[in-house]
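Take a look at the structure below.
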Amino acid sequence: LIAALTGVGIGYAVRHHLGKNKAQGKELLAGKILEDARRKADDVMKESELQAKSAVLKAREDFNQSQDSKRKELSQLQDRLNDRELNVERKVAMLDKKEKTLDEKISEYEGKSAEVAKEKEEVQKVIAEEKDKLQKIANMTQEDARKMLLQRIEKEVHTEAGALIRRIHEEAKENADRDARRITTMAIQRFASSHASEMTTSTVVLPNDDVKGRIIGRDGRNIRALEAETGVNILIDDTPEAVVISGFDPVRREIAKQALEQLIADGRIHPARIEEIVAKVRDNMNESMRVGGEEACYKVGVQGIDPELLRMIGRLKYRSSYSQNVLQHSLEVAHLMGSMAGELGLDTTLARRIGLFHDIGKAVDHEVEGGHALIGADLLKKNGEAQIVVNAVAAHHEEVPSESLYAVLAAAADAISSSRLGARSETTEIYVKRLEKLEGIANSFEGINKSYAIHAGRELRVIVTPDRVDDNASMVLARDISKKIEAELQYPGQIRVTVIRETRCVEYAK
């Protein structure tokens with residue numbers, strides 16, 4: 001037990017000694033660390049003070065430099081202001097000097113003006129005295145002398161002007177006539193086409209003479225039906241393998257010719273078939289006219305034409321004027337106008353367009369009142385043609401004033417084409433007009449279905465509507481038509497008026 005207690009005491013003493021030594025060591029270490037921290041803090045403080053001083057010095061230096069720069073700028077500005085002030089003083093001094101000089105010159109000018117006014121007054125006085133002396137010597141006033149001088153000058157100028165105008169007019173006329181002859185001759189030479197008068201007959205070639213009997217039909221019913229439907233005269237004579245179709249209207253002759261050719265090719269020739277074929281051919285004529293119009297436009301190089309105008313141009317193929325085919329005449333006028341326009345420096349395409357259109361009114365002049373030139377102009381205007389084209393067509397017969405040189409060229413080309421040898425026959429035209437008038441008289445009565453002047457105008461066949469005109473009225477109608485023909489027409493011999501009233505009943509067995 002004692003040993004144990006002794007051991008415990010010894011252990012406690014040793015542990016206390018060791019703890020004390022350890023505490024002293026830690027205290028020394030802490031003092032050392034604190035001393036180092038104080039030393040480092042002093043160093044940081046010193047370095048911060050140095051940096052602060054350095055920043056203050058730098059800021060002071062920058063401020064001093066800025067102040068020096070501003071002082072320098074102010075000094076320069078002050079120098080410029082001083083220079084400007086000196087310049088202003090010099091200019092003011094110069095202006096004062098000029099003002100003084102100007103005042104001196106104004107004074108001098110006023111003095112000279114007064115002298116000039118005085119001298120002018122003296123000169124006017126001298127002139128007045130001289131005028132009085134001259135009037136006394138010449139025994140006339142100044143106004144009389146002025147009038148006499150003007151009259152003499154006017155007389156001399158009038159004489160010279162008259163001679164000059166006459167010489168210029170003669171030279172211009174000679175040059176114009178020479179150029180016109182040259183251009184006209186050149187145009188005719190360039191387009192020297194041949195002309196043949198329009199015939200009033202067409203020939204249909206037959207495969208054999210046996211067909212003639214079939215064309216005539218039993219008791220002549222087929223040929224009568226064909227003549228009644230087409231309005232032409234069909235001549236069947238001893239000419240081998242040929243039938244002649246006679247009629248003044250080219251459209252009717254063409255319809256009759258095509259219908260007869262189709263009937264011969266078909267082989268079935270009887271009145272009902274004749275009516276069917278003739279109606280079909282009439283419907284096909286519009287297409288034929290359109291194709292003819294396109295061909296004519298292609299020949300003269302004209303494009304962009306309305307389809308209705310194309311059909312009207314093609315219709316001219318079946319229209320004649322004084323026996324001259326109107327479509328061929330229009331093509332020739334178009335070529336002549338193109339040649340003359342080229343020589344004059346005008347638009348050749350526009351000139352040919354006007355030439356092709358110039359007689360288009362003749363396609364419908366039998367349906368519309370008025371001259372063909374104005375009818376054609378209205379037709380072109382409705383279909384959107386330019387005003388220069390419309391006016392040239394309307395003015396080519398001088399029915400309206402010309403607005404361009406193209407109208408003058410159209411009139412000249414039309415006259416050239418119409419006056420060529422053999423181009424036209426006035427006798428044939430008068431004959432055709434008489435036949436048209438004859439049909440017009442018949443159509444003026446009510447109840448008329450169709451009317452045809454045949455046998456060279458010696459017979460007028462009138463087909464009436466059966467449900468509107470009875471047999472008794474037909475006899476009265478024939479007499480009334482004959483009396484009106486006697487009153488309105490002049491004709492050689494006599495004209496036979498035949499009124500036809502026919503009722504056909506057709507039924508089909510199915």
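Summary of values
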{"item": "Where labels lie 7 Å past Cα in the beta-carbon direction, separation of Glu294 and Thr203 in nm", "result": "3.2"}
{"item": "Order by protection proxy (mean Cβ within 10 Å, highest first), peptides 280-287, 372-379", "result": "372-379, 280-287"}
{"item": "Positive minus negative residues near Val300 (Lys, Arg vs Asp, Glu; Cβ under 12 Å)", "result": "0"}
{"item": "Reachable lysines from Lys112, criterion Cα separation under 27 angstrom, eight or more residues apart if same chain", "result": "Lys97, Lys98, Lys100, Lys120, Lys125"}
{"item": "Overall form of segment 221-330 per C-alpha gyration tensor (a/c, 1.5; a/b vs b/c)", "result": "prolate"}
{"item": "Additional length obtainable on full extension of the chain from Ala279 to Glu121, 0.36 nm per residue less Cα span", "result": "46.1 nm"}
{"item": "Percent accessible area from carbon and sulfur atoms, segment 63-132, protein chains only, probe 1.4 Å", "result": "54"}
{"item": "Three-way shape call for segment 1-145 based on the alpha-carbon gyration tensor, with the a/c threshold at 1.5", "result": "prolate"}
{"item": "Order by protection proxy (mean Cβ within 10 Å, highest first), peptides 457-467, 108-118", "result": "457-467, 108-118"}
{"item": "Length added when fully stretched, Leu29-Glu403, from 0.36 nm per residue minus Cα-Cα", "result": "121.6 nm"}
{"item": "Set of lysines with alpha-carbon distance to Lys20 below 23 Å, sequence-local pairs under 8 removed", "result": "Lys32"}
{"item": "Segment 1-119 - charge dipole about Cα centre, Lys and Arg +1 at Cβ, Asp and Glu -1, debye rounded to 20", "result": "1540"}
{"item": "Karplus (6.51, -1.76, 1.60) ³J(HN,Hα), θ = phi - 60°, over segment 109-121, in Hz, Gly and Pro reported as x", "result": "5, 4, x, 5, 4, 4, 5, 5, 4, 5, 5, 4, 4"}
{"item": "Accessible surface of His16 - all protein chains present, 1.4 Å probe, nearest 10 Å²", "result": "120"}
{"item": "Flagged links, alpha-carbon separation over 24 Å, of Lys433/Lys483; Lys437/Lys483; Lys381/Lys433; Lys131/Lys155; Lys362/Lys433", "result": "Lys381/Lys433; Lys131/Lys155"}
{"item": "Separation of the Leu77 and Val44 label points, Cα + 7 Å toward Cβ, nm", "result": "4.8"}
{"item": "Most to least accessible of Arg152, Arg501, Arg253 (protein chains only, probe 1.4 Å)", "result": "Arg152, Arg501, Arg253"}
{"item": "Rounded if a/c under 1.5, otherwise prolate or oblate - segment 327-379, Cα gyration tensor axes", "result": "prolate"}
{"item": "Extension gain from Val88 to Lys58, taking 0.36 nm per residue of separation minus the Cα-Cα distance", "result": "6.3 nm"}
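The values are calculated or read from the model by the stated rules, or taken from the named source; none is laboratory data. The structure displayed is predicted, hence computed values, not measured ones. Don't worry about glycine lacking a Cβ; one is built from the backbone with ideal geometry, like all the others, and counts go over all protein chains shown. Each accessible area value is taken on the protein alone, full model and side chains, heavy atoms only, with ligands, DNA and RNA left out. Shrake-Rupley method; radii C 1.70, N 1.55, O 1.52, S 1.80 Å.
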